[in-house]
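> Pasting a structure here, questions to come.
The values are calculated or read from the model by the stated rules, or taken from the named source; none is laboratory data. All values reported here derive from a predicted model rather than from experimental measurement. So basically every Cβ, Gly included, is an ideal-geometry build from the backbone, and we count neighbours across all protein chains shown.
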Number of protein chains: 2
Amino acid sequence: MPDRYVLVLAGGRGERFWPWSRPERPKQLLPLAPGGRSLLAATLDRALRLAPAPGVLVLTASALVPSVREQCPAGVRVLGEPAPRNTAPAIGLAAGLFHATSQEASFAVLPADHAVDDEAAFVADLTRGFKVAEKEAVLVTFGVRPSTPEPNFGYIRPGTQIADRLSRVAAFTEKPERAVAERYVNQGYLWNTGIFVWRARVFLDALRAARPVLAATLAPLGESMDDAEWERRMTERFPACESISVDYAVMERAPNVLVFEASFDWDDLGSWGAWARRQARDDRGNVRFGRTVVLDCDRCVVVGDGGIAAAVGLRDMVVVHAGGATLACRIDRTEDVRAVSEAARVGHTKETR
Amino acid sequence: MPDRYVLVLAGGRGERFWPWSRPERPKQLLPLAPGGRSLLAATLDRALRLAPAPGVLVLTASALVPSVREQCPAGVRVLGEPAPRNTAPAIGLAAGLFHATSQEASFAVLPADHAVDDEAAFVADLTRGFKVAEKEAVLVTFGVRPSTPEPNFGYIRPGTQIADRLSRVAAFTEKPERAVAERYVNQGYLWNTGIFVWRARVFLDALRAARPVLAATLAPLGESMDDAEWERRMTERFPACESISVDYAVMERAPNVLVFEASFDWDDLGSWGAWARRQARDDRGNVRFGRTVVLDCDRCVVVGDGGIAAAVGLRDMVVVHAGGATLACRIDRTEDVRAVSEAARVGHTKETR
């Protein structure tokens with residue numbers, strides 16, 4: 001029986017869904033998955049098809065632990081990060097914990113705030129990824145064949161093919177300009193999903209090689225100790241970690257990275273528009289959620305959470321009432337929502353009498 | 001010393017400013033007047049330049065009496081209408097009360113939710129109106145020379161001229177189609193402001209002639225009695241009155257109606273757009289009130305009351321966060337806000353999971 005674990009990364013702040021998402025209720029806790037469930041709940045469903053509940057670990061911000069725990073089935077472990085440090089420290093921490101449980105542990109990394117509709121294909125692909133990772137000392141990342149030249153995703157250039165849908169990675173790229181993204185799509189690049197499978201030991205080796213200080217800072221958190229002592233060390237050491245993504249810290253530097261071309265659909269739901277594309281629409285193309293009044297609108301997203309959102313005579317707009325605030329935004333401008341959320345958070349609003 | 005009184009009509013529900021206006025905080029209580037004052041407060045300022053505080057009577061909905069009283073200077077009398085019955089019963093009631101105080105009482109009728117900027121001209125015109133009404137048995141209404149062919153106003157066709165800016169009324173008209181309004185403007189029609197001056201006795205005579213049942217229903221409320229008895233009669237009789245406007249009940253039928261062409265500017269602020277036209281704008285033509293974030297918008301009205309209203313990439317829109325609801329509406333569609341307010345009030349919102 002293989003020692004399989006799953007790490008669910010639920011630390012995202014999801015400012016792009018402001019005002020629906022807020023620091024105390026980020027994107028992964030919003031009802032953005034089919035059936036009005038949270039993305040976290042949908043991700044946990046998938047996780048539990050890969051490992052039993054005690055093998056699933058959710059990492060989130062310390063302040064969110066209670067809300068996250070509410071959505072977790074019994075047995076799932078939830079740990080809080082005392083400070084946000086991006087993905088590399090979180091995955092390094094989990095690798096240490098899984099490795100302490102079993103020297104042969106392998107684990108999948110699942111971001112908690114992405115959309116995956118075809119769960120059967122997802123489970124089949126991840127299972128195949130586990131088998132590859134259990135046999136060889138490799139880091140397996142999952143790529144998705146692009147349906148559009150999306151400039152908001154990272155891309156992976158596949159190199160030598162090893163097996164069906166499995167290749168070495170030739171290069172990781174940052175988010176490209178649209179023209180560059182079009183070239184990538186034509187050249188067979190894949191979207192970088194941020195979903196991974198590897199043995200804990202293989203990841204720890206790669207982290208030590210690429211980021212020795214980070215690996216050393218995290219190492220004592222994987223030793224055997226009582227809970228109070230662990231908490232003390234976590235509070236002291238985790239915030240001392242370098243804040244860095246696993247792509248930049250490890251994936252782009254490691255020599256043994258493979259990419260698996262996924263057969264499941266996937267989206268990181270990075271904007272209102274990305275979410276809306278996956279929702280049911282009325283006969284004029286509007287997506288409605290919660291309490292809404294929609295009069296003569298086309299292709300709008302209208303959300304009324306905790307109050308009514310009314311939209312009249314609009315085209316291609318996002319209108320949201322949530323968390324004691326209102327957003328009205330052209331749907332092609334939702335990239336700016338993060339800036340608005342920041343302005344709202346730090347109080348850079350204009351006060352006018 | 002003339003016996004001059006003022007009736008302030010503060011019974012409006014102001015659904016056109018939803019969600020800023022609500023049943024418990026209608027338009028006349030919103031800070032829509034210059035300097036962020038309420039329209040009611042601004043109206044009371046004008047009233048007190050026409051009569052001393054004890055001569056000013058404010059009629060409003062019973063439920064609003066406490067909020068209205070808060071905005072009234074000491075001495076001003078506030079009475080509640082147990083049910084909304086439009087303007088004719090309210091004015092008939094006031095006429096009876098003023099006439100009981102003084103047989104020679106004359107009074108001005110001022111709607112509480114209109115905008116008048118040139119207060120000196122207003123006071124001069126109303127004073128001249130009082131003098132005309134004190135001398136002759138006439139009903140004096142105030143008209144404003146149109147600046148635009150506004151289809152949302154009633155119009156008055158002046159007849160024979162009697163003195164400078166004073167004519168008999170040839171006809172009152174309903175709100176016209178735009179093409180008809182253009183013809184009215186070219187033919188010298190005036191906007192019907194709903195501002196009047198007359199002697200109480202003259203109005204009571206006209207009401208008795210035109211609407212005898214309504215006049216008889218109201219008559220016992222002008223008799224001398226103690227407060228408790230008056231309250232009892234008011235609760236019983238006022239709701240029994242026909243709900244009808246003074247224009248329709250009296251003005252369109254009475255033979256002795258004069259129209260005074262006002263020299264003051266005036267607007268009934270019947271929509272978001274009408275209010276916005278009178279506000280200061282930023283360098284891109286946006287009107288902002290309260291807590292707002294405005295990014296790359298032109299000619300928008302953005303109001304954040306009790307929460308942030310954020311607008312991104314919009315043109316010619318109204319965006320409002322207030323009263324636990326959101327409105328996003330094209331500024332040329334604000335006529336539909338009343339329907340939205342009604343849908344919100346009766347719960348005709350769509351609930352979508």
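> What is the residue count in region A:1-20 for residues that are under 22 Å from A:Asp305 (Cβ atoms) and without any contact (Cβ under 8 Å) to a residue 60 or more places away in the chain? Before you say what the answer is, go through the steps one by one.
The initial filter retains those residues of region A:1-20 that are under 22 Å from A:Asp305 (Cβ atoms), namely A:10, A:12-20.
Now restrict to residues that are without any contact (Cβ under 8 Å) to a residue 60 or more places away in the chain: none.
Here the count works out to 0.
> So which of B:Leu214, B:Leu218, B:Leu207 ends up being within 13 Å of B:Leu97 (Cα to Cα) and either in the same structural domain as B:Pro158 (by TED's automatic domain parsing) or not in a helix (DSSP H, G or I) (or both)? Walk me through how you get there before you give the answer.
Working: B:Leu214 fails: within 13 Å of B:Leu97 (Cα to Cα); B:Leu207 fails: within 13 Å of B:Leu97 (Cα to Cα).
Being within 13 Å of B:Leu97 (Cα to Cα) and either in the same structural domain as B:Pro158 (by TED's automatic domain parsing) or not in a helix (DSSP H, G or I) (or both) holds for just one of B:Leu214, B:Leu218, B:Leu207, which is B:Leu218.
> Of the numbered conditions (1) surrounded by 21 or more Cβ atoms within 10 Å (Cβ to Cβ); (2) touching a helix residue (DSSP H, G or I) at 6+ places or on another chain (Cβ under 6 Å), B:Arg208 satisfies every one except a single condition; which is it?
(1)
> Within region A:106-119, does at least one residue satisfy the condition of being crowded, with 18+ Cβ neighbours inside 10 Å, part of a loop (DSSP other than H, G, I, E, B) and touching a Gly at 6+ places or on another chain (Cβ under 6 Å)?
Going residue by residue through region A:106-119, those that are crowded, with 18+ Cβ neighbours inside 10 Å are A:106-116.
With part of a loop (DSSP other than H, G, I, E, B) added as a condition, the list becomes A:112-114, A:116.
Subset that is touching a Gly at 6+ places or on another chain (Cβ under 6 Å): A:113.
Within region A:106-119, one or more residues are crowded, with 18+ Cβ neighbours inside 10 Å, part of a loop (DSSP other than H, G, I, E, B) and touching a Gly at 6+ places or on another chain (Cβ under 6 Å).
Rundown of residues vs (1) among the β-branched types (Val, Ile, Thr); (2) on the phi < 0 side of the Ramachandran plot; (3) not assigned by TED's automatic domain parsing to the domain that holds B:Gly92, yes/no style:
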| site | (1), (2), (3) |
| --- | --- |
| B:Val8 | yes, yes, no |
| B:Gly14 | no, no, no |
| B:Trp20 | no, yes, no |
| B:Asp45 | no, yes, no |
| B:Leu48 | no, yes, no |
| B:Pro54 | no, yes, no |
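> Right, B:Leu29: in contact with a strand residue (DSSP E or B) (Cβ under 7 Å, 6 or more places away or on another chain) and either at pLDDT 95 or above or closer than 28 Å to B:Met251 by Cα (or both) or not?
Numbers: in contact with a strand residue (DSSP E or B) (Cβ under 7 Å, 6 or more places away or on another chain): no; either at pLDDT 95 or above or closer than 28 Å to B:Met251 by Cα (or both): yes.
It is false that B:Leu29 is in contact with a strand residue (DSSP E or B) (Cβ under 7 Å, 6 or more places away or on another chain) and either at pLDDT 95 or above or closer than 28 Å to B:Met251 by Cα (or both).
> Also: List, please: which pairs have Cβ atoms under 8 Å, are six or more places apart or on different chains, and start with a residue in region A:106-126 that is touching a residue at least 60 places away in the same chain (Cβ under 8 Å) and closer than 17 Å to A:Leu29 by Cβ and end with one that is in a loop (DSSP other than H, G, I, E, B) and among the basic types (Lys, Arg)?
A:Ala115/A:Arg278
> Considering (1) in contact (Cβ under 8 Å) with a residue 60 or more places away in the chain; (2) in contact with a Gly (Cβ under 7 Å, 6 or more places away or on another chain), say which one B:Arg330 fails and leave the rest.
In the conditions (1) in contact (Cβ under 8 Å) with a residue 60 or more places away in the chain; (2) in contact with a Gly (Cβ under 7 Å, 6 or more places away or on another chain), B:Arg330 misses (1) alone.
> Taking interchain pairs and intrachain pairs at least six residues apart, which have beta carbon atoms under 7 angstrom, with the first residue in region B:299-316 and more than 19 Å from A:Trp20 (Cα to Cα) and the second of a type in the set (Gly, Ala, Ser) and outside any strand (DSSP E or B)?
B:Arg299/B:Gly285; B:Val301/B:Ala276
> May I pose another question? Would you confirm whether or not region A:140-163 contains a residue that is at pLDDT 95 or above, touching a helix residue (DSSP H, G or I) at 6+ places or on another chain (Cβ under 6 Å) and among the aliphatic types (A, V, I, L, M)?
yes
> Further question on the same structure: Name the pairs: first residue in region A:85-105 and on the phi > 0 side of the Ramachandran plot and in the same structural domain as A:Thr141 (by TED's automatic domain parsing), second residue among the hydrophobic types (A, V, I, L, M, F, W, C) and surrounded by fewer than 21 Cβ atoms within 10 Å (Cβ to Cβ), Cβ to Cβ under 9 Å, at least 6 apart or on different chains?
Listed by first residue and then by second, the contacts come to A:Asn86/A:Ile244.
> Related question: Kindly indicate whether B:Leu218 is closer than 28 Å to B:Leu50 by Cα, touching a helix residue (DSSP H, G or I) at 6+ places or on another chain (Cβ under 9 Å) and in contact (Cβ under 8 Å) with a residue 40 or more places away in the chain.
Numbers: closer than 28 Å to B:Leu50 by Cα: yes; touching a helix residue (DSSP H, G or I) at 6+ places or on another chain (Cβ under 9 Å): yes; in contact (Cβ under 8 Å) with a residue 40 or more places away in the chain: yes.
Criteria met by B:Leu218.
> Please state which of the following conditions B:Asp247 fails to meet, knowing it meets all the rest: (1) in a helix (DSSP H, G or I); (2) within 7 Å of chain A (Cβ to nearest Cβ).
(2)
> Scan region A:288-346 for residues that are under 20 Å from B:Glu335 (Cβ atoms), small (Gly, Ala, Ser) and touching a Ser or Thr at 6+ places or on another chain (Cβ under 6 Å) and jot them down.
Matches in region A:288-346: A:Ala309 only.
> Additional query: I'd like to check something: does region B:223-243 contain any residue that is part of a loop (DSSP other than H, G, I, E, B), crowded, with 19+ Cβ neighbours inside 10 Å and in contact (Cβ under 8 Å) with a residue 12 or more places away in the chain?
Residues of region B:223-243 part of a loop (DSSP other than H, G, I, E, B): B:223-226, B:241-243.
With crowded, with 19+ Cβ neighbours inside 10 Å added as a condition, the list becomes B:241.
Then drop every residue that is not in contact (Cβ under 8 Å) with a residue 12 or more places away in the chain, which leaves B:241.
So far as region B:223-243 goes, yes, one or more of its residues are part of a loop (DSSP other than H, G, I, E, B), crowded, with 19+ Cβ neighbours inside 10 Å and in contact (Cβ under 8 Å) with a residue 12 or more places away in the chain.
> So which strands (runs of 3 or more DSSP E) stay within region A:1-96 end to end and still have 3 or more residues that are crowded, with 24+ Cβ neighbours inside 10 Å? It would help to see each step written out before you state the result.
Working: elements: A:4-10, A:56-61, A:77-81.
Ranges flagged: A:4-10, A:56-61.
> Turning to a different aspect of this structure: Given (1) under 30 Å from B:Val320 (Cβ atoms); (2) of a type in the set (Gly, Ala, Ser); (3) in contact (Cβ under 8 Å) with a residue 60 or more places away in the chain, identify the lone condition not met by B:Ala61.
(3)
> Taking only region B:120-158 into account, find how many residues are among the β-branched types (Val, Ile, Thr) and assigned to a helix (DSSP H, G or I). Even if it seems obvious, please write down each step before you answer.
First, pick out the residues of region B:120-158 that are among the β-branched types (Val, Ile, Thr): B:123, B:127, B:132, B:138, B:140-141, B:144, B:148, B:156.
Filter once more, keeping what is assigned to a helix (DSSP H, G or I): B:123, B:127, B:132.
Final tally of qualifying residues: 3.
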